[in-house]
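The structure under discussion appears below in the form of C-alpha cells.
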Amino acid sequence: MTSLRKQKNIICKATAALLWLALWAAAAALVGRDLLLPGPLTVLRALAKMACEVSFWKSCAATLGRIMAGFALGLFLGCALGALSWRFPLCREFFAPILSVVKATPVASFILLALVWLRVSNVPVCTAVLIVTPVAYSNVFTGLAALDPDLLEMAGAFHMRAPARLKYLYFPALAPYLRAAVAAGMGMAWKSGVAAEVICIPKFSLGAIMYRAKVYLETPELLAATSAVILLSMALEKIVLRLIRPKGGEGDA
C-alpha cells in the first residue's frame, strides 16, 4: 500500500508539473516575445548553454557554499539561542528585542549595511545567517517548550546522562520543529543570499549572472539562472531533511 501511495503521489506531482509547464508555454506563446516571457524550451536551451561554461559551475559552487555556510551558521545560532531561552527566562527576555528587530528589518537594509562592514563575498553569508536565525530560534524554543514535563522529571530521577537525553528525549521531540525550521529557513536563506549577490555582485555567483542578464535584457538567461537557484535549493533542502529525519520515520512526500 505504501509503494502504491508513493507511485500515485509521484504521478500527481508529475501531472501538476506538466500542467504548469503547459500553462507557461501557452502564456509565452500568447505574449510572443522572449524579452518579456520566454517559453520553457527557450529557458532550457539557455540553461544548457550556460551549463557548458566552466564559469557557470564555479558560480553554482560559490553560491552553494555561501548559502550553505549562512544557513548552517544561522541554524546553529538559532538552535543555541532557542535552547538558552528555554532554559533561562532571562536569556529569553534579553534575546527577544534583537530578534524582533531582525525579523522586522528589510533584507535590503541588512545587505547594504553588510556591504559597509564586510567583504563582498561575506555579505550573502551574513545575510543568510540573519534571516535563518529567528526561524530556527522560534521553532526550537517552541519544540522545547512543548516537551512533556513528566518525561524531563523521569530523566532526572533516573540520572540520565546528557548524550542519552539528547538522543532519546530532546531530538525525537524536536525533529518535527527542526524539519519545519529547515523547510522554511532553507528557502529564505537562498532568497536572501542570492538577493545579496545581485546587489554586491561577487566575482563568481549566480546572483552576478542574474544581474548581468538583467542589464543586457537577456530574460532567458535570467530565468535559467533562477531555475538553477530553485533546483539547488530544493536538492539541498531534501538532503538536509533526510539527515535530520528520525530513524524509522517516513520519507518526504
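Below are the figures for this structure:
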quantity: Members of the range 110-129 that are touching a residue at least 60 places away in the same chain (Cβ under 8 Å) and surrounded by fewer than 21 Cβ atoms within 10 Å (Cβ to Cβ); calculated: Leu112, Leu115, Val120, Ser121
quantity: Test set (1) touching a Phe, Trp or Tyr at 6+ places or on another chain (Cβ under 8 Å); (2) over 25 Å from Tyr216 (Cβ atoms) - Ile11 fails condition number; calculated: (1)
quantity: Flag for Leu81 being closer than 29 Å to Val182 by Cα and either touching a Phe, Trp or Tyr at 6+ places or on another chain (Cβ under 8 Å) or open to solvent by 50 Å² or more (accessible area, probe 1.4 Å) (or both); calculated: yes
quantity: Residue match in the range 107-119 (condition: outside any helix (DSSP H, G or I) and within 29 Å of Ala145 (Cα to Cα)); calculated: no
quantity: When residues of the range 14-46 are limited to those that are free of Cβ contacts under 8 Å to residues at least 24 places away in the same chain and not hydrophobic (A, V, I, L, M, F, W, C), the one most open to solvent (accessible area, probe 1.4 Å); calculated: Arg33
quantity: Hits in the range 35-70 (condition: under 21 Å from Ser121 (Cβ atoms) and touching a Leu at 6+ places or on another chain (Cβ under 9 Å)); calculated: Phe56, Ser59, Cys60, Ala62, Thr63, Leu64, Ile67, Met68, Gly70
quantity: Meets criteria (part of a helix (DSSP H, G or I), surrounded by fewer than 16 Cβ atoms within 10 Å (Cβ to Cβ), at negative phi and among the β-branched types (Val, Ile, Thr)) for Ile67; calculated: no
quantity: Helices (runs of 4 or more DSSP H) enclosed by the range 146-245 - at least 1 residues per element that are within 20 Å of Cys79 (Cα to Cα), at pLDDT below 90 and open to solvent by 20 Å² or more (accessible area, probe 1.4 Å); calculated: 149-157, 162-165, 171-200, 219-243
quantity: Every pair of residues 6+ apart whose Cβ atoms lie under 8 Å, when the first sits in the range 84-108 and is more than 30 Å from Ile199 (Cα to Cα) while the second is polar (S, T, N, Q); calculated: Cys91/Ser85; Arg92/Ser85
quantity: Residue within the range 3-13 that is open to solvent by 60 Å² or more (accessible area, probe 1.4 Å) and outside any helix (DSSP H, G or I) present; calculated: no
quantity: Flag if Lys58 is over 22 Å from the mean Cα position of the chain (by Cα), in a helix (DSSP H, G or I) and of a type in the set (Lys, Arg); calculated: no
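The values are calculated or read from the model by the stated rules, or taken from the named source; none is laboratory data. Please read these numbers as outputs of a predicted model, since none were measured by experiment. Quick reminder, even Gly has a Cβ in these numbers, built from the backbone with ideal geometry, and neighbours come from all protein chains shown. Note: accessible area is taken over every heavy atom of the protein model, side chains too, but ligands, DNA and RNA are not part of it. Shrake-Rupley method; radii C 1.70, N 1.55, O 1.52, S 1.80 Å.
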